[in-house]
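S.K.: Sharing a structure with you now.
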Amino acid sequence: MFLSLRAEVEDALEGALSALEFPTDDLGVEEPPEDVESVLASSVAFRLAGEAGQAPPQVAARIAEEIDVDELTYVSEIQTQGPYLNFLPSDAYFGETLAGATDESYGALEDRDTSVVVEHTSANPTGPVHVGRARNPIIGDAVATLLEYAGYDVDRHYYVNDAGRQMAVFTWAYETFDEADLEDDPERDRIEYDLVRYYRKGNAFLENASDAEVEAAESEIESIMQGLEAGDEAAYERVSEVVDQVLSGMKACLGRLPAEFDEFVKETRFMRNGDTDDLVSRLKDLDEAVYEDDAWQLELEAHGIDKTLVFLRSDGTSLYATRDLAHHEWKFDEYDRAVTVLGEDHKLQASQLRTTLELLGNDTDPLQQVLYSYVNLPEGKMSTRRGTGVDLDDLLDEAIDRARGEVEDRLDDRIRDDDLDDEDIERIAHQVGIGAVRYDIVSKQPTKAITFEWDRALDFEAQSAPYVQYVHARCCGILEEAGLDPETDLADQDVELEALEADLLATDAERDLLETIARFPAVVDEAADDLEPHQIATYTREFADRFNGFYRECPVLADDVDPDLRAARLALVAASKHTVANALAILGVAAPRSM
């Protein structure tokens, strides 16, 4: 409803300004200060004061007089406060909000008929997913889901580096060494933990073996790379045997978040179909192309980039950047927009990529890049093991363990015996633990470095994931106690929504909650435009505060509550349940039915 209200306010202002012969290019519509009861305000009088030859308060009064409130649906009154015009919502605004938000799809916007590919994570398939990269799949998955809620047709892609030297080394090591040659046991019973030992063994061998042994190994590694470049099927199958196994384990890890993908796009695809060779020819024809230091490269200083882009080695093999250029041209052909989530250490490469695509004649407006800083590791059990770093699996395991402890501490014996069994506790521990990790990471602006802190992330009282999740569980509990199914729309449970009187919800706590619910679709719209899912997290914290205020002040099922008011408040609880569930879904955080 907030989007409809904004549209109505903007139309009314534009009509009033036109009637007063004022320019309408900037309507100054904004959210009012906290101490103002309106839902929307306009500061347009500031801008027009000079032209009107009057003080801003006088201009605001003239504009307000020009608007006929009786012709508006969602505005009940216009008040002027100094230079501001404040638009107060009508009962129709609250009524339509209440009815609309009781639908389980509330917050999802209309189909925009626009396709978007969101590429994220894309970690090299050389071993387990490292916790330092955890921000990529968490932000990437949230961006993709946010865009889906905003009405876009979204595909999630993982770009697989299966053609670089790392994969050639991995393949050679996998084929060369036996289990007996490996020093350590796998750190976890999953395939990528098993195979990474070969990769480590291969790198250690290349660092410490004799010159003759290293020369022989390098010759085999080079032959694998050349085979891939030439489109040799045998070389591709050799590398794929390693890559596909490691990827299967990485998928299992990412599935715990969960972060799932529609397609794993291999870079060898653009070598085997000839796109990379074609791209190299076009790059060589550019004025910026030079052959120096035994490599073809682009000099980009004239375009504000002081580092050259190497795109072809002297031995004729391409580089990751070359293949990624072909990959992006393919994206432009297949999708209306392309969003890539990248770590801040890829900022230079992102600039080189965009500039080179433009030099090749591509329109890069559809390309958007979300850059993020890294997560500093938590202390305690998350210490580095064997010098190999901390894996994402370790973080998730500890999150679940800590959440389980928090849940058990909060359950007295009666509740544990009567309401929640061990299976329930385990389910809640997973939902709260993994939700805490995701929420804590996605709730911060991506460009800001963050330090993960357990006490903050798992605080049921502070503005964390459990704090918001508990609101959903509380909504479900109220609906269940009233004999309603929280998972089913009220309209499908013979609840006559049309008969509900939203004007019965007249307390400040009820109106504040309704206003917050009404804004949810607009928050989705703005966050999607900005590619900033942390705006949704900010909204959930405000929403939780508003709902808790309503819960404290407005009894729903008490015996002395009027039946009509009870029905209206139950509808408000159902609307709250759908709103918070969908907001958490955008963030990839589970909405527990009980906690």
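S.K.: What's the FRET efficiency of Arg552 with Ser76 using the Cβ-Cβ distance as r and R₀ = 35 Å, to the nearest 0.05?
M.R.: Approximately 0.85, to the nearest 0.05.
S.K.: Anything over 19 Å Cα to Cα? Flag those among Lys266/Lys331; Lys284/Lys307; Lys331/Lys448; Lys307/Lys347, in the order listed.
M.R.: Exceeds cut-off: Lys331/Lys448.
S.K.: Here's something else I'd like to know. In degrees between 0 and 90, to the nearest 10, how far off the longest principal axis of the chain does helix 91-101 point, with axes built from Cα atoms?
M.R.: With rounding to tens, the tilt is 40 degrees.
S.K.: Shifting gears a bit: Can you tell me the Rg and Dmax of region 480-595, counting just the alpha carbons, in angstroms?
M.R.: 14.8, 47
S.K.: Let me ask something else about it. Less than 10 Å Cβ to Cβ from Leu557, Lys/Arg counted +1 and Asp/Glu -1: what total charge do the surrounding residues give?
M.R.: 0
S.K.: Among DSSP bridges having both ends in the chain, what percentage is antiparallel? Round to the nearest 5.
M.R.: Taking every DSSP beta bridge within the chain, about 50 percent pair in antiparallel fashion.
S.K.: Calculate the FRET efficiency for Gln226 and Ala462 from the Cβ-Cβ distance with a Förster distance of 51 Å, rounded to the nearest 0.05.
M.R.: 0.35
S.K.: Just to confirm, what accessible area per residue do you get for the chain at 1.4 Å probe, in whole Å²?
M.R.: Values: 26020 Å² over 595 residues.
Result: 44 Å² of accessible area for each residue.
S.K.: For region 516-523, in order, what is each residue's ³J(HN,Hα) by Karplus, 6.51 cos²θ - 1.76 cosθ + 1.60 with θ = phi - 60°, in whole Hz (x at glycine and Pro)?
M.R.: Per residue, the Karplus-derived 3J(HN,Hα) values read 5, 4, 4, 6, 4, x, 5, 5 Hz.
S.K.: Calculate the FRET efficiency for Asp409 and Ala7 from the Cβ-Cβ distance with a Förster distance of 51 Å, rounded to the nearest 0.05.
M.R.: The calculated FRET efficiency here is 0.55.
S.K.: Determine the gain in length on full extension of the stretch Ser314-Asp181; use 0.36 nm per residue of separation and subtract their C-alpha separation, reporting nm with one decimal. List each step's numbers first, then the result.
M.R.: Details: separation 133, 0.36 × 133 = 47.88 nm, distance 3.46 nm.
Stretched out fully, the Ser314 to Asp181 stretch lengthens by 44.4 nm.
S.K.: Further question on the same structure: Angle between the Cα long axis of helix 465-481 and the longest principal axis of the chain, 0 to 90 degrees, nearest 10?
M.R.: It works out to around 50 degrees.
S.K.: ³J(HN,Hα) across region 221-236 via Karplus (A = 6.51, B = -1.76, C = 1.60, θ = phi - 60°), whole Hz, x for Gly/Pro?
M.R.: With the stated coefficients, region 221-236 comes to 4, 4, 5, 5, 5, 5, x, 4, 5, 7, x, 5, 5, 5, 5, 4 Hz.
S.K.: Could you state the number of Å between the C-alpha centres of region 425-458 and region 137-192?
M.R.: 23
S.K.: From the helices alone, meaning DSSP H stretches of at least four residues, give me the mean residue ellipticity at 222 nm for the chain, per-run term -39500 (n - 2.57), in deg cm²/dmol to the nearest 500.
M.R.: The helix-only estimate for the chain comes to -17000 deg cm²/dmol at 222 nm.
S.K.: How large is Rg over Rh for the chain, taking Rg from the Cα atoms and Rh as the Kirkwood inverse mean of 1/r across Cα pairs?
M.R.: Here the Rg-to-Rh quotient is 1.05.
S.K.: If you don't mind, another one. For Gln445 and Ala234 in one chain, what is 0.36 nm times their gap in residues minus the Cα-Cα distance, to one decimal in nm?
M.R.: Here the answer is 71.4 nm.
S.K.: What translational diffusion coefficient, to the nearest whole µm²/s, does region 156-281 have by Stokes-Einstein, given a Kirkwood radius computed over alpha-carbon pairs, a temperature of 10 °C and 1.306 mPa s viscosity?
M.R.: Approximately 101 µm²/s, per Stokes-Einstein.
S.K.: Something else: Step through the residues of region 348-355 one at a time and calculate ³J(HN,Hα) from phi using the Karplus curve (6.51 cos²θ - 1.76 cosθ + 1.60, θ = phi - 60°), rounding each to whole Hz and writing x for Gly and Pro.
M.R.: So the Karplus estimates, Gly and Pro as x, are 4, 4, 5, 5, 4, 4, 4, 4 Hz.
The values are calculated or read from the model by the stated rules, or taken from the named source; none is laboratory data. All figures in this text were calculated on a predicted structure; none of them were measured in a lab. Because the Cβ atoms are built from the backbone with ideal geometry, glycine has one as well, and the counts that use them run over all protein chains shown. For accessibility, only protein heavy atoms count, side chains too; no ligands or nucleic acids. Shrake-Rupley method; radii C 1.70, N 1.55, O 1.52, S 1.80 Å.
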